[in-house]
1. What does the extension gain come out to for K154 and E109, with contour length at 0.36 nm per residue minus their alpha carbon separation?
2. Per the Cauchy relation, a quarter of the hull surface: what is the mean projected area of the convex hull of the alpha carbons in segment 88-137, in nm²?
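No value in this document is a laboratory result; all are computed from the given coordinates. All of these numbers come straight from a predicted model, not from anything done at the bench.
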Amino acid sequence: AAVTPAAEPAAVEPAADAATAPAATPAPAPAPAQPSALAMTIPTPQPTPSSGGGLLQTSLALLFVIGLMLGLAWLTKRFGPKNFGGGNSNVKLVGSLSVGARERILVVEVGEQWIVVGASPGRMNALATMPRQASSEPAVQTTVHGANFADWIKQTIDKRNGK
């Protein structure tokens, strides 16, 4: 509203003093208020982090990693190295024979040729090569069913005895 003439000169004077003074010193900051004695003895409660949320998050992350590992193991087993190169590989194992504790003789089919290989822990040697042959022995069933175990044992014993 209306300004009184007495208030106006007071407002003008400090401005004139600030303009004529070369460097004014800043006013000191007011001293902090002293806390009451009651506030100093009772500490204010600080919020504590809940360990239940962190434990739940860690457990879920662990379950996720274990599930991921199991899924990758299943995928590797299902679509493993045997299927990565294609289903029609030219190299096949025809047969093997153990001739010692750690030595074996392998017959490997490569294309239209059989290669006889001697395998030991330190090396593999090609022993002979021959053209691919038709198998003269019928394939022996190697799966053992629980119900036919007695029959299988009897056939194995008879085969060993030459009957």
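1. Here the segment from K154 to E109 would lengthen by 12.9 nm.
2. 4.1 nm²
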